[in-house]
Amino acid sequence: MSIMGEVPTLGVVVFDSDRVLLVQKKNHPEGAWQLPGGQIGPDETLTQAAVRELHETTNLRAHEDDFRVLDPMWHATITKDYGTRKFSFRCLVCSSYTGDVSKTKVAIPRWVDISELDTLRLAPNTKSAILAAQIVK
């Protein structure tokens, strides 16, 4: 199998007290829970992509200055029948938003108690990003 180029992606951590917002993407047949987010477009800044992805996956609205970028950058390599892809993953914490969480065309969002994370099937780096975000929230 061939290895395709690295795909830049992001995840947005949104807290509500002891809960975190996760989504199941409709185009991911594995059904793993992950942070709201996705690929960063070629003409987008990191925070522009965060604003767009948060809305596309949860219906929440935020402004670019509502995000704080976390370090480090995570990496994942995923192999499927079409080949192997490498992903770079940046995480941002959203400090303020408006709207109500609801199902979108691309994802089913859900507030999850942080104590339940180990009971869920999570996408790579999801728990690490949430734990890192807890330190700075």
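Read-outs: derived from the displayed coordinates by stated rules, not from any lab. Note that the coordinates shown come from a computational prediction; the quantities given were computed from them, not determined experimentally. Backbone-built Cβ (ideal geometry, glycine too); neighbour counts: all protein chains shown.
Just a few scattered comments:
- Computed from the Kirkwood radius of its Cα pairs, the Stokes-Einstein diffusion coefficient for the range 1-76 at 4 °C and 1.567 mPa s stands at 95 µm²/s.
- Thr79 paired with Thr98, simple spin-label distance in nm, labels 7 Å along Cα-to-beta-carbon: 4.8 nm
- Relative to the longest principal axis of the Cα atoms of the chain, the long axis of helix 46-58 makes an angle of roughly 80 degrees.
- On the basis of the beta-carbon distance and an R0 of 22 Å, Ser17 and His55 show a calculated FRET efficiency of 0.50.
- Taking θ as phi - 60° and the Karplus parameters 6.51, -1.76 and 1.60, the scalar couplings of the range 71-80 work out to 10, x, 8, 9, 9, 9, 10, 10, 10, 10 Hz in sequence order, x denoting glycine and proline.
- Using bins of 10 Å that start at zero, the share of Cα-Cα pairs per bin across the range 3-136 amounts to 12, 47, 35, 6, 0, in whole %.
- Working note: Karplus 6.51/-1.76/1.60 with θ = phi - 60° gives the range 97-108 the couplings 7, 10, x, 10, 5, 7, 4, 10, 5, 10, 7, 10 Hz, where Gly and Pro are set to x.
- J(HN,Hα) series, the range 111-118, from Karplus relation 6.51 cos²θ - 1.76 cosθ + 1.60, nearest Hz, glycine and proline x: 6, 10, 5, 4, 5, 8, 4, 5
- Relative packing of 98-110, 34-46, which averages over residues the other C-beta atoms within 10 Å, highest first: 34-46, 98-110
- Axis angle, to the nearest 10 degrees, between helix 126-136 and the longest C-alpha principal axis of the chain: 40 degrees.
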